[in-house]
1. Determine which member of the set Asp107, Asp115 is charged (D, E, K, R) and in contact with a helix residue (DSSP H, G or I) (Cβ under 6 Å, 6 or more places away or on another chain).
2. If I ask for residues that are in a helix (DSSP H, G or I) and among the acidic types (Asp, Glu), which ones from the range 52-72 would you list?
Amino acid sequence: MAFEILATNSVQRTFNEVFLKDPINHDQCRASNLIGINSGEERIVIKLTAFLTRKPDLSEEQFSAYWREKHAPLVLSLAPFTSLVRRYIQQRPAEGVSNQLPLVPYDGIAELWFDNLGDVLKLLGHELFLSVVAMDEENFLDRSRTAIFISQETAIF
């Protein structure tokens, strides 16, 4: 399935090959087809969760400082990001957690909230996002170890 909203055919093909194994029925992604818990209003929350690993030459403190103080202001300065993303959350490992727990091997988790899947695809295919954000990620991330999960939230409690 071709996504016209992505910037270029090569990006479209790469995104489809890497992230989408099954065609998406965009009707299933509309808020009117899903029920939220906000006073009975119909709504949807699509989340892109990125599991991040720092570059090997950075300490945990350097990674966290760069991500919070340099990268976050950069992405927040981009109109496509601020117009499409409803919430941006950075999560770092909590201090004092026992090494004996089966913890995931990541240095941080970025969570981006969207109104619909189309907005996720628009952002990921936007030229500014592909150039500016990806270039900056090279400064602090081992992008070969980044994992992305796109989900539809279902609030249970």
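1. Details: Asp115 fails: in contact with a helix residue (DSSP H, G or I) (Cβ under 6 Å, 6 or more places away or on another chain).
Residue meeting the stated conditions: Asp107.
2. Kept after step one, since they are in a helix (DSSP H, G or I), are these residues of the range 52-72: 60-72.
Of everything in the range 52-72, those that are in a helix (DSSP H, G or I) and among the acidic types (Asp, Glu) turn out to be Glu60, Glu61, Glu69.
Every read-out reported here was derived from the displayed coordinates using simple, explicitly stated rules and does not represent laboratory data. Everything numeric here is computed off the predicted structure, so don't read it as measured data. With ideal geometry, Cβ positions are generated from the backbone for all residues, glycine too; neighbour counts draw on all protein chains shown.
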